[in-house]
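Here's the structure we're looking at; comments come further down.
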Amino acid sequence: MPDAKRQELNHAIIEEFRANAGVVGGQFAGTPLLLLTTKGARTGLARTWPLGFMADADRWVVFAANGGRPNVPAWYHNLLAEPDATIEIGTETIPVRATVTEGPERADLWTRKVAEMPALERMQQTAPGPIPVVALVRRPA
């Protein structure tokens, strides 16, 4: 899908998410979604993306799969440059700090997510390297 079309789709999902307290339909019906807002690494502008996530105790875990494209998503680059971000879940906005997981922790989170979403394994086949697994932890407001 061309970038402009994907941005248009993301914008529609974000609007639906915010209008319906975090609930969306269509291809993402029933999928746990959050909205991640980062600071653009180059522009410094706020950027928001709808992302599927996995809850893990007191944190939210996202996977930088970029739909299997041969590059990591822009939001991942933004978090590397500035790990403080916000997420929206339902009607709540939560300040978070992002940490890229590694080693056994990453392997465990990856295995758990692939068990519930096998398509992630197919995306890994076309990714430029191991798909980054990012933990988002609430930080003081």
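In the condition set (1) in a strand (DSSP E or B); (2) among the charged types (D, E, K, R); (3) within 16 Å of Thr31 (Cα to Cα), Arg97 is compliant with all but (3).
Beta carbons closer than 9 Å, at least 6 apart along the sequence or on distinct chains, pair a first residue in the stretch 120-138 that is of a type in the set (D, E, K, R) with a second that is open to solvent by less than 40 Å² (accessible area, probe 1.4 Å) and at pLDDT below 95 for Arg122/Gly68. Does the stretch 11-27 contain any residue that is surrounded by 19 or more Cβ atoms within 10 Å (Cβ to Cβ), touching a residue at least 40 places away in the same chain (Cβ under 8 Å) and more than 22 Å from Lys113 (Cα to Cα)? There is at least one residue in the stretch 11-27 that is surrounded by 19 or more Cβ atoms within 10 Å (Cβ to Cβ), touching a residue at least 40 places away in the same chain (Cβ under 8 Å) and more than 22 Å from Lys113 (Cα to Cα). Taking the stretch 28-52 on its own, how many of its residues are in contact with a strand residue (DSSP E or B) (Cβ under 9 Å, 6 or more places away or on another chain), under 20 Å from Pro95 (Cα atoms) and either part of a strand (DSSP E or B) or open to solvent by 30 Å² or more (accessible area, probe 1.4 Å) (or both)? Total satisfying the criteria: 16. Could you please find all residues in the stretch 109-141 being of a type in the set (Gly, Ala, Ser), surrounded by fewer than 17 Cβ atoms within 10 Å (Cβ to Cβ) and at pLDDT below 95? Those that are of a type in the set (Gly, Ala, Ser), surrounded by fewer than 17 Cβ atoms within 10 Å (Cβ to Cβ) and at pLDDT below 95: Ala119, Gly129, Ala141. Residue pairs whose Cβ atoms lie under 7 Å apart, separated by 6 or more positions or on different chains, with the first residue in the stretch 73-87 and open to solvent by less than 60 Å² (accessible area, probe 1.4 Å) and the second small (Gly, Ala, Ser) and part of a strand (DSSP E or B), are Leu79/Ala85; Leu79/Ala98; Pro83/Ala98; Ala85/Ala98. When you check Arg106 against the structure, is it open to solvent by 40 Å² or more (accessible area, probe 1.4 Å), at pLDDT 95 or above, out of contact with any helix residue (DSSP H, G or I) (no Cβ under 9 Å at 6 or more places or on another chain) and not in a helix (DSSP H, G or I), yes or no? When the stated conditions are applied, Arg106 does not pass them.
For the stretch 65-85, enumerate the residues that are under 11 Å from Pro128 (Cα atoms), in a loop (DSSP other than H, G, I, E, B) and not aliphatic (A, V, I, L, M). Of everything in the stretch 65-85, those that are under 11 Å from Pro128 (Cα atoms), in a loop (DSSP other than H, G, I, E, B) and not aliphatic (A, V, I, L, M) turn out to be Arg69, Pro70, Asn71.
The values are calculated or read from the model by the stated rules, or taken from the named source; none is laboratory data. Computed from a predicted model, the values in this text were never measured in an experiment. Cβ sites come from the backbone with ideal geometry, for glycine too, and all protein chains shown count toward neighbours. Heads up: the accessible areas ignore ligands, DNA and RNA and are worked out on the full protein's heavy atoms, side chains in. Shrake-Rupley method; radii C 1.70, N 1.55, O 1.52, S 1.80 Å.
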